[in-house]
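Let me begin by presenting the structure, written as structure tokens, before commenting on it.
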Amino acid sequence: MAEAALPPGRNVTLKLDRDGVIKRAFMGVIALYLIVALALPLYAMLSKSFVTYGFDLSRYDFQVSDEDGNFGPTQNAAAINAELGVYSAADLRTSSDGRLSATAFFPDFNFRSKVKYRLRGTDPDAPYLVGLDLQNSTAWQEYDSNTFRRINLRPVKSVGPQNYTEYFSNPALFSSIENSLFIAAISTVLTVALAFGFAYALNRSLMRFKGFFRLVAMMPILVPSLLPGIALIYLFGNQGILKWAMMGQTIYGPIGIVIGSVFFTFPHAMIIITTALSIADQRQYEAAESLRASRWRTFWTVTIPGARYGLISAAFVVFTLVITDFGLPKVIGGQYNVLAIDIYKQVIGQQNFEMGAVVSVILLIPAMLAFIVDRQVQKKQVSLLSARSVPFQPKANKRFEALCLVWCGLIAVFILGLILICQFAALVKFWPYDLSLSLNNYNFNRTDGGGWAAYQNSIQLAVMTAVFGTVIVFTGAYMVEKIEGFKTGRNVFQFLAMLPMAVPGMVLGLAYIFFFNDPANPLHPIYGTMIILVVSTVTHFYTVGHLTALTALKQIDAEFEPVASSLRQPFYRLFVRVTVPVCLPAILDISIYLFVNAMTTVSAVVFLYSTHTALASVAVLNMDDAGDIAPAAAMGMMIFYTNAGARLLHMLASRRVLRKTQSWRAQ
């Protein structure tokens, strides 16, 4: 007998509960923050890069009278220019602030004469200035000679790829791309090689003083990227104590940029490679030994393949850091142009914001490509340890340990040497003529850069970034990780959260100018305030904090939420009583990460600070520009000691807090 078929019914869909609605609302708010603080500014910058300004002379007609006031025939400005050759095609290309004097079309002009002039637009959009008054009329306007000399034609706006054409047709500007790629490639190879040897010594040997070497290796993270440039000037510059070691070469240029880049990117590469080398299976090395493979063969067939993803990831991280860095090339680059310096020159030096946007887009391309490739490589990485794996235990080898000690010692001398030379330069009276010690260089109020107020502003920025940034980052990560369903929304949020890592700081800063400095933007009032500095800093360093929070949240059993829901406990109570205490180590790590980077960042804020919100890292740049190198070194060391103190307080606070909240881990 056939079974009776059930009548068709409606599809069953789960109804969102109150907690689900609130979680989605929170995720939507933080996603909106990322859209406003990142996506919209980048769109504004991209749009600006296609905006061009030029003088369209065909839009202006002139009439000139004799001294009796009788006006002659109408003359078009384009026809006059074609006849007299007053302005070339290059002269007619300009920025949004360009001006073109109207008197240049009349070689016999004399402002004392009784001759009068008439001017009209042949198009509704034909702007010109009379002094500071903007005029735009198709009707004849009459002016005497004295007033006519104050008339300047204004450019008109158009949209097209002309800015990109001009950039790539300019050999001087185009060479910056080659220079940036060259510096980034050389720095990446050197840094990864040095960091691999350092990490290998820490993980695969029994040498002494490992804790000391780890501490020294992390020091460059605590200083702005400008500081190694200042140190290299004191060592190898025109008045450097080791100038003879350059053998006729100059430190100002690619040599100085590469050495400084190795310094400030070394800890980033070392951390990644150390993580890769710390995960190894002892059984693989025992198998290689049983097969009588040499150490060299074992190194290339076991060690390198096991660490390859870490090496690739470290290479892309270093490449991105170097190609997007602004501070170091600004201090020690000399006349060697790179993309980040081109952005600064176009915006600050020439006020050509459109061309600055073009360079920013070009700089964004290699940074995003490096980020995308790095993410794809990480997706291919597989677990090297299984439940049966045996952790690698290095064997005693005095000769190898001595070699590792020498390698790490040389790198430690390099790092400590640059930091100590900066400290020494900050304490001497007048380098290199009077090397007696003094604290005069710490009197920042006598120098150009913002004084002690800039240092206080940096402390305020770092604290606000650490507090508000940690709340925003961790809350966003919690919502996207713990929401059930809503796959599309979560994927969009993940994309927005990962995007900041691919955006260089200078690009983000310039994008903020285009977006927040628009009077029509309702958020325009925050421009030039501490708020916009906090927003830009949190956004710039959002991704690393987000990944840290996700890693911690994934360690919590997914059963907590259903159990709490079955007990009719709201999610926020579970969040406060369980999630936050369990994830407190990650929360503290996010906060100190944001604090340290807020103290050292230059590129993300160099376009956004005002006279009242000058920062210590920018003060180092400004003092170096003004020739006050010793005070710049002193301010850089103040940043270093502040970050070191913050790290120490973070460590002490972490131990005390974690002792109370993490005791369950030992059970």
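Please state, to two decimals, what the Cα-based radius of gyration of the range 595-655 comes to when divided by 2.2 N^0.38 Å (N = residues).
Against the empirical 2.2 N^0.38 Å value, I get 1.26 for the range 595-655.
Any idea which of ILE221, VAL156, THR188 is furthest toward the positive side of the dipole for the range 109-256, if Lys and Arg beta-carbons carry +1 and Asp and Glu beta-carbons -1?
Of the candidates, ILE221 comes out farthest on the positive side.
Could you compute the FRET efficiency for LYS398 and VAL544, with r as their C-beta to C-beta distance and R0 at 25 Å, rounded to 0.05?
With a Förster radius of 25 Å, E is 0.05.
Which values of log₁₀ I(q)/I(0), to two decimal places, follow from the Debye formula for the range 99-174 at q = 0.17, 0.27 Å⁻¹ with a uniform point scatterer at every Cα?
With no solvent term, the Cα-only Debye profile gives -0.72, -1.27.
So how strong a dipole does the chain carry about its Cα centre when Lys and Arg Cβ are +1 and Asp and Glu Cβ are -1, to the nearest 20 debye?
The dipole of the chain has a size of about 3300 debye.
Could you give the accessible area per residue of the range 514-559, probe 1.4 Å, as a whole number in Å²?
43 Å²
Tell me, what are the semi-axes, in whole angstrom and largest first, of the equivalent ellipsoid of the range 132-178 as set by the roots of 5 times the Cα gyration tensor eigenvalues?
Three semi-axes, in Å: 39, 14, 7.
Using only the Cα atoms, what convex hull volume per residue in Å³ does the range 21-152 have?
Roughly 135 Å³ of hull volume per residue.
Using the Cα centre of the range 128-231 as the reference point, and only Cβ charges (+1 on K/R, -1 on D/E), how large is the resulting charge dipole? Debye, rounded to the nearest 20.
820 debye
In nm, to one decimal, how far is the LEU84 label point from the ASN445 one, both placed 7 Å along Cα→Cβ?
Going by the 7 Å Cα→Cβ label model, 5.6 nm.
How much of the accessible area of the chain, in percent, comes from carbon and sulfur atoms when a 1.4 Å probe is used?
Answer for the chain: carbon and sulfur cover 61 percent of the accessible area.
What is the Cα convex hull volume of the chain when expressed per residue in Å³?
Convex hull of Cα atoms, per residue: 274 Å³.
Give a residue-ordered list of calculated ³J(HN,Hα) values for the range 97-109 (Karplus: 6.51 cos²θ - 1.76 cosθ + 1.60, θ = phi - 60°; whole Hz; x for Gly, Pro).
9, x, 9, 10, 5, 6, 5, 5, 6, 10, x, 8, 5
For ILE372 and THR138, what does the FRET efficiency come to when R0 = 51 Å and r is the distance between their Cβ atoms, rounded to the nearest 0.05?
Calculated value: 0.50.
Taking a point 7 angstrom from the Cα of TRP452 along the C-beta vector, which residues in the range 414-446 have backbone N less than 20 Å away?
Label zone hits: 426-428, 438-446.
Tell me, what is the per residue accessible area of the range 388-478 in Å², probe radius 1.4 Å?
Solvent-accessible surface per residue comes out at 55 Å².
If we count every other residue with Cβ under 14 angstrom of VAL428's Cβ, Lys/Arg +1 and Asp/Glu -1, where does the sum land?
-1
Sorted from largest down, what three extents in whole angstroms do the Cα atoms of the range 472-598 have along their principal axes?
51, 30, 25
About its Cα centre, what dipole magnitude does the range 394-512 give when the only charges are +1 on Lys and Arg Cβ and -1 on Asp and Glu Cβ, stated in debye to the nearest 20?
Its charge dipole is roughly 380 debye.
When the convex hull of the Cα atoms of the range 85-137 is projected onto a plane and the area is averaged over all directions, what value comes out in nm²?
4.8 nm²
With only alpha-carbon atoms in the gyration tensor, what are the semi-axes of the equivalent ellipsoid for the range 476-540, in Å, largest first?
28, 14, 11
Please give the net charge around PRO631, taking every other residue with its beta carbon less than 14 angstrom from that of PRO631, where Lys and Arg add +1 and Asp and Glu add -1.
-2
What does the charge count near LYS114 come to, summing +1 for each Lys or Arg and -1 for each Asp or Glu among other residues with Cβ under 10 Å from its Cβ?
Result for the neighbourhood of LYS114: -2.
Binned at 10 Å from 0, what are the whole-percent values of the Cα-Cα distance distribution for the range 434-531, short to long?
With a bin width of 10 Å, the distribution comes to 11, 24, 33, 18, 9, 4, 1.
At most 10 other C-beta atoms within 10 Å and a DSSP loop state: those are the exposed GluC sites (Glu not before Pro) I care about. Give me the longest piece of the chain that has none.
Within the chain, the longest run free of exposed GluC sites (Glu not before Pro) spans 68-558.
For TYR164 and SER101, calculate 0.36 nm times their separation in residues minus their Cα-Cα distance, and state this gained length in nm to one decimal.
Length difference between fully extended and current span is 19.9 nm.
Can you tell me how the range 166-283 classifies by the Cα gyration tensor, rounded, prolate or oblate, using a/c under 1.5 as the rounded cut?
In terms of gyration-tensor shape, oblate.
By accessible area of protein heavy atoms, probe 1.4 Å, what ranking do PHE196, PHE495 get, highest first?
Ranking PHE196, PHE495 by accessible area, largest first, yields PHE495, PHE196.
The values are calculated or read from the model by the stated rules, or taken from the named source; none is laboratory data. Source: prediction; values computed, not measured. Every residue, glycine as well, gets a Cβ built from its backbone with ideal geometry; the counts of neighbours run over all protein chains shown. SASA here: full protein model, heavy atoms, side chains in, ligands and nucleic acids out. Shrake-Rupley method; radii C 1.70, N 1.55, O 1.52, S 1.80 Å.
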